[in-house]
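First comes the structure, then the notes that go with it.
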Amino acid sequence: MSRLIIRKVAVLGAGVMGAQIAAHCANADVPVILFDLPAPEGEPNGIANKALAGIGKLDPAPFASRERAQYIETANYEADLARLGECELVIEAIAEKMEWKLDLYARVAPFLKPGAVFASNTSGLSITALAAGMPVERRSRFCGIHFFNPPRYMPLVELIPTADTDAAMLDALEAWLTTRLGKSIVRARDTPNFVANRVGVFSILAVLHHTARLGLSFDEVDLLTGPRIGRPKSATFRTADVVGLDTLAHVIDTMQATLADDPWHAYFKSPAWLQGLIGKGALGQKTKAGIYRKQ
Ligand code: NAD
């Protein structure tokens, strides 16, 4: 098996996942450049810097040591794209919108290092459709790399190849993720939401439906779907706040758009109250307001 030499990683998107993936790489002594949009005013890397400062709130000890935090540099897409040429692996973790991801791919592709691996952390968009946003000659080194939240503690990473993904590259990436980042890999096919989210979001939707049908409160449902069944950290609505309500809605939209033949298709809709919170900018933990903390 060919080895993948990864000296530096670029993470595109300093949100809930991107900042934590960067921190996880840093904890494994892998230098990272964390990119995001330039802040509208003031400090150009404000979004990425703020996200890094904020991950301490998502994870009380995001870095294994103070030194590890120094492995992360921040950057933005306007001034720093040439720095992508330093990185052998690029992990894209921007918002779950196909158009936004494709726009970004068109901007970054000319700056990628020859032979660099480019992988999307999408929750469930088509990897084949995303790969089409890359120049043809780069598609053999493109795949899905789906980390789970929180990436430091969740061992699962789904690896999703397309028909064009180079098999030896995928084997080498799996070996790197396993040995360097300590992950357990599940290879998934390029189907909507892959494996874990297809099952997970399906069960969240069933809970949403029965919550409304039975007139239950969020607290009651979280007690039933969390501590009472021995899963203290995975109660439904608390998890939704941690994931991000906009991200959850995007994933549900993908199911609505791509699973028309599914017998449960009618359930693949975000409830009006969820849309209402999103409309107010209450997106969960990342905006400090969501299902549990009202604005
Ligand atoms: P987020 O909303 O926390 O962060 C999204 C980031 O994308 C932000 O930093 C934002 O500045 C940036 N962004 C927004 N629009 C952009 C654009 N047009 N161009 C470039 N950058 C833009 O999102 P997240 O929860 O970190 O999710 C990121 C990706 O990871 C998504 O594809 C999501 O489906 C996936 N994912 C999320 C979770 C989760 O639990 N939140 C888990 C696994 C995978």
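The values are calculated or read from the model by the stated rules, or taken from the named source; none is laboratory data. What you see is a predicted model, and the numbers here were worked out from it, not measured in a lab. All Cβ positions, even for glycine, are placed from backbone atoms using ideal geometry, and neighbour counts span all protein chains on display.
Quick notes
- Failed item, numbered, when L159 is tested on (1) among the aliphatic types (A, V, I, L, M); (2) surrounded by fewer than 16 Cβ atoms within 10 Å (Cβ to Cβ); (3) not assigned by TED's automatic domain parsing to the domain that holds A260: (2)
- Matching strands (runs of 3 or more DSSP E) fully within region 141-252 where at least 2 residues are over 20 Å from I5 (Cα atoms) and within 13 Å of the ligand (Cβ to nearest atom): 142-147, 156-160
Each row is one residue, and each column tells you yes or no for (1) modelled with pLDDT of 95 or more; (2) not β-branched (V, I, T).
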{"residue": "R66", "(1), (2)": "no, yes"}
{"residue": "A75", "(1), (2)": "yes, yes"}
{"residue": "A95", "(1), (2)": "yes, yes"}
{"residue": "M98", "(1), (2)": "yes, yes"}
{"residue": "A116", "(1), (2)": "yes, yes"}
{"residue": "V136", "(1), (2)": "yes, no"}
{"residue": "N149", "(1), (2)": "no, yes"}
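- Set P44, P40: member being surrounded by fewer than 23 Cβ atoms within 10 Å (Cβ to Cβ) and in contact with a strand residue (DSSP E or B) (Cβ under 7 Å, 6 or more places away or on another chain): P44
- Meets criteria (among the polar types (S, T, N, Q) and more than 12 Å from the ligand (Cβ to nearest atom)) for T122: no
- Qualifying residue in region 37-45 (condition: in contact with a Pro (Cβ under 6 Å, 6 or more places away or on another chain) and over 22 Å from A116 (Cβ atoms)): yes
- Some residue of region 235-243 being of a type in the set (D, E), outside the structural domain of F147 (by TED's automatic domain parsing) and surrounded by fewer than 18 Cβ atoms within 10 Å (Cβ to Cβ): no
- Only listed residue being at pLDDT 95 or above, more than 10 Å from the ligand (Cβ to nearest atom) and surrounded by 14 or more Cβ atoms within 10 Å (Cβ to Cβ), chosen from L84, L104: L84
- Residue match in region 3-19 (condition: crowded, with 24+ Cβ neighbours inside 10 Å, closer than 16 Å to Y77 by Cβ, within 13 Å of the ligand (Cβ to nearest atom) and among the β-branched types (V, I, T)): yes
- Inspection of region 89-106 finds no residue satisfying the criterion of being over 22 Å from the mean Cα position of the chain (by Cα) and farther than 21 Å from A167 by Cα.
- Within region 257-295, the only residue that satisfies the criterion of being at pLDDT below 95 and on the phi > 0 side of the Ramachandran plot is K288.
- With respect to the stated conditions, P110 fails to be surrounded by fewer than 17 Cβ atoms within 10 Å (Cβ to Cβ), assigned to a loop (DSSP other than H, G, I, E, B) and more than 13 Å from the ligand (Cβ to nearest atom).
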